[in-house]
Amino acid sequence: MSLSRTPLSRRRFLATGSTALIAGTMAAPHVARAQRADFTYKYANNLPDTHPMNIRAREMADALRAESGGQFDLKIFPSSQLGSDTDTLSQLRSGSVEFFTMSPLILSTLVPNASINGIGYAFPSYEAVWPAMDGELGAWVRQQIAKAGLVAMEKIWDNGYRQTTSSTKPIATPDDFKGFRIRVPVSPLWTSMFRAFDAAPASINLNETYSALQTKIVEGQENPLAVISTTKFYEVQKYCSLTNHMWDGYWFLANRRAWERIPPDLRTMVARHIDAAGLKERADVAQLNANLQAELSKNGMVFNKPDPEPFRDKLRKAGFYAEWKSRYGEEGWSLLEKACGKLT
């Protein structure tokens, strides 16, 4: 059964207003209404109900219910309804939640090698991202995830490239980062990268970032355009530099015991629909990012697109790549460089 290919508009995505992608409005869970299902599974994520991830997941749930004849009933819990990423990851591992999508960079608290896709300035474009993550590098990461008792579906979903915003100046060269007070998520990879740029990274929760920008505790922050839009950072940030310094996605994860309880033929069908929905979500995010740049410009943001090579060279000279190569190991790093080109 084919899923809808209807493209998502920016208006449809932002219909509920200024919902932050991570700390979104509490929307009621979508429940596929299968009767007497043999398998009633919960799927949790941290994104708003209007994000492409959840729109495509609802389509997926309906398709699974229809094709399985009601055997498989998927209940969707968006907007971190079942708890924070850390809490939900614990529930996934225990089996109280069967499915969960999360960033590899946060998953790295359990599976350290999962964050390899977030290495600064590794992927020059999506033309490099998808062959790598759908190919050998993604397969290697999924093997690491499997060691933690989880199953990752083959197709990673998209979050987007992260961009840098500022209230004081555009970021045009690596020197512009020197002393720059920038909010980053709580992650060793983020902190390590911005310190290599001689910036002053500050770990601040997303729901506190607007206030930190407004009161000038930090000058800037970095996030995909969709987050910049829904959190209204354009109200307290003038410049948006398309640094594309890091690509981030979402692995669609399953509890291994719950996954293996599903009969093989039904399991194949579920995986097929999950991966198909993930591919559609990728296209949706790409379309949104293109539209959101124009919308953010209308809201007063000034865009620039710096040359990535000087930033990559700065990280190389600072020893950033050498440090993370030693952390990930030769096998994983070789696969990364096979996809992206020489970094060290």
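The values are calculated or read from the model by the stated rules, or taken from the named source; none is laboratory data. This is a predicted model, so every value here is computed, not measured. Ideal geometry is used to build each Cβ from the backbone, glycine not excepted, and the neighbour counts take in all protein chains shown. SASA here: full protein model, heavy atoms, side chains in, ligands and nucleic acids out. Shrake-Rupley method; radii C 1.70, N 1.55, O 1.52, S 1.80 Å.
Annotations
- The residues listed here are S187, S125, S115; of these, the one that is within 16 Å of the chain's Cα centre (by Cα) and under 16 Å from W333 (Cα atoms) is S115.
- Segment 39-54: number of residues that are modelled with pLDDT of 95 or more and under 16 Å from S80 (Cα atoms): 3
- Of all residues in segment 160-179, those that are crowded, with 18+ Cβ neighbours inside 10 Å and touching a Gly at 6+ places or on another chain (Cβ under 9 Å) total 6.
- Residues located in segment 227-246, provided they are in contact with a Leu (Cβ under 6 Å, 6 or more places away or on another chain) and open to solvent by 10 Å² or more (accessible area, probe 1.4 Å): S229, Y234, V236
- Restricting D275, D284 to those that are at pLDDT 95 or above, of a type in the set (D, E) and under 24 Å from N54 (Cβ atoms) reduces the list to D275.
Residues checked against (1) of a type in the set (S, T, N, Q); (2) under 28 Å from S229 (Cβ atoms); (3) crowded, with 21+ Cβ neighbours inside 10 Å:
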{"position": "R65", "(1), (2), (3)": "no, no, no"}
{"position": "T86", "(1), (2), (3)": "yes, yes, no"}
{"position": "M102", "(1), (2), (3)": "no, yes, yes"}
{"position": "A114", "(1), (2), (3)": "no, yes, yes"}
{"position": "G135", "(1), (2), (3)": "no, no, no"}
{"position": "L150", "(1), (2), (3)": "no, no, yes"}
{"position": "D158", "(1), (2), (3)": "no, yes, yes"}
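- Which listed residue is within 29 Å of S241 (Cβ to Cβ), at pLDDT below 95 and not β-branched (V, I, T), from G138, G160: G160
- Within segment 281-326, if we keep just the residues that are free of Cβ contacts under 8 Å to residues at least 60 places away in the same chain and of a type in the set (G, A, S), the residue that is most open to solvent (accessible area, probe 1.4 Å) turns out to be S326.
- Test: residue in segment 264-279 that is assigned to a helix (DSSP H, G or I) and within 24 Å of I119 (Cα to Cα): yes
- Scanning segment 194-218 for residues that are in contact with a Phe, Trp or Tyr (Cβ under 6 Å, 6 or more places away or on another chain) and touching a residue at least 24 places away in the same chain (Cβ under 8 Å), we see that the one that is surrounded by the most Cβ atoms within 10 Å (Cβ to Cβ) is F197.
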